[in-house]
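Just so you know, all these numbers are worked out from the coordinates, no wet-lab data involved. For clarity, every value in this text was computed on a predicted model and none was experimentally measured. FYI the Cβ positions are ideal-geometry reconstructions off the backbone, even for glycines, and counts take in every protein chain you see.
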Amino acid sequence: MARRLLPALAVACAAAAIAGCGGGQSHGSSRAPAGGSGRQLFAQACGACHTLSGHNDPRRQGGDLLGFRSTRPQMVQLAGEMPVRHPLSRSQLDAIVTFLMSVEARGR
């Protein structure tokens, strides 16, 4: 019986995870967080799932991004694929990535 429940449980967990982070996104919507600094946008759009402390927090499912090493194009693509509560415009994604890369550069 437990084997029959496993697929249903997996689907339910996936749905809960997506709902918890707001589901998918489409760029350029008017529901996006207001413009602002990359720091503010990171806090609003990413801070529920990610930290920048250098230590993983078990309460944040996305993990810590301080040591995340990536090129700018890779980071923009990954940031655009993250499930957020409100869709982000390209300029907002760029601001977040610029902020993340500046934090990473200071940590080196």
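Take the Cα of Asp64, step 7 Å toward its Cβ, do the same at His86, and the gap between the two points is 2.9 nm.
Applying a 10 Å radius around every beta-carbon, put 87-96, 48-57 in order of their mean neighbour count, most first. Don't skip to the answer; put the middle values down first.
On the way: 87-96: 19.3, 48-57: 14.9.
Output ranking for 87-96, 48-57: 87-96, 48-57.
Close amide H partners of Thr51, meaning residues 5 or more places away or on another chain with modelled amide H under 5 Å apart, are Gly63, Asp64, Leu65.
Find the relative contact order for the range 40-108 and round it to a whole percent, using C-alpha pairs within less than 8 Å whose residues are 6+ positions apart. The partial results should precede the final answer.
Numbers: 56 pairs, mean separation 20.8, N = 69.
Reported relative contact order: 30 percent.
Computed from backbone phi, the HN-Hα couplings of the range 40-56 come to 5, 5, 4, 4, 6, 9, 10, x, 6, 10, 10, 10, 10, 9, x, 9, 5 Hz, rounded to whole numbers (Karplus: 6.51 cos²θ - 1.76 cosθ + 1.60, θ = phi - 60°; Gly and Pro given as x).
Ranked by Cβ crowding within 10 angstrom, fewest neighbours first, how are Phe42, Phe68 ordered?
Phe68, Phe42
Once the piece of chain linking Ala48 and Arg72 is laid out straight, how much longer is it, given 0.36 nm per residue of separation minus the C-alpha distance between them?
Here the segment from Ala48 to Arg72 would lengthen by 6.4 nm.
Treating each Cα of the range 33-107 as an identical point scatterer and summing with the Debye formula, the log10 of I(q)/I(0) at q = 0.18, 0.25 Å⁻¹ comes to -0.65, -1.31.
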